[in-house]
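The values are calculated or read from the model by the stated rules, or taken from the named source; none is laboratory data. Just so it is clear, the structure is predicted and the values come from calculations on it, not from any experiment. Positions of Cβ are backbone-derived with ideal geometry, glycine not excepted, and every protein chain shown enters the neighbour counts. For the accessible areas, the whole protein counts, side chains as well, though only heavy atoms, and no ligand, DNA or RNA atoms are used. Shrake-Rupley method; radii C 1.70, N 1.55, O 1.52, S 1.80 Å.
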Amino acid sequence: MDKHNGVKRDFQALQERRFEAMRLLDQGLSQSETARRLMVARQAVSAWRRQYLQQGPDGLRLAGRIGRKPLLDAAQRERLASLLLEDPMVYGFPTPSWTCPRVARMIRDEFGVVYHKGHVWKVLRGLGWNPQRPNGQARGRNQKTTRTWKLKTEPSLDQSANSSG
């Protein structure tokens, strides 16, 4: 279960594996043999046994969240999602597009929390947003008219500009 490849950990399966290790040890298997059967390091089995002896079954239960806690709590993330629906120009930005640096600045100004502009995308992804870039063409663009203009009108404009100069 490699978390670096985007694979989510199955915490329930990990807990079941810890309890299976205790069952195998209680049946008389060595820590080494238990580790081989469960395909884990012997040191992991040793640590699980120590936890079990010190804390009982609760020591092997789901550990809950791993990693660093988010800087924005649930209420702040919800408010952020609603703020992002507003036009960025309301916040003094010159164009109507949200960018990571702009979102980082808005988070800092609104919540007093500093995110690096390169990490804001993780916050946005957690809100269900995905990165988008404008394609540079108007939605209502007429391809045929544009092609005709480029073939007929544009060259004549270039010629008149060159002859008048």
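Can you name every residue in the range 16-44 that is surrounded by 16 or more Cβ atoms within 10 Å (Cβ to Cβ) and in contact (Cβ under 8 Å) with a residue 24 or more places away in the chain?
R18, A21, M22, L25
I'm trying to understand the selection: among the residues of the range 80-103, which are closer than 16 Å to N130 by Cβ and surrounded by 11 or more Cβ atoms within 10 Å (Cβ to Cβ)?
If the condition is that a residue be closer than 16 Å to N130 by Cβ and surrounded by 11 or more Cβ atoms within 10 Å (Cβ to Cβ), then L80, A81, L84, S97, W98, T99, C100, V103 are the ones that fit.
If I filter the range 34-51 for residues that are more than 27 Å from the chain's Cα centre (by Cα) and on the phi > 0 side of the Ramachandran plot, do I get at least one hit?
Within the range 34-51 (the criterion being more than 27 Å from the chain's Cα centre (by Cα) and on the phi > 0 side of the Ramachandran plot), the answer is yes, since at least one residue qualifies.
Yes or no: P70 open to solvent by 50 Å² or more (accessible area, probe 1.4 Å) and within 24 Å of the chain's Cα centre (by Cα)?
It is true that P70 is open to solvent by 50 Å² or more (accessible area, probe 1.4 Å) and within 24 Å of the chain's Cα centre (by Cα).
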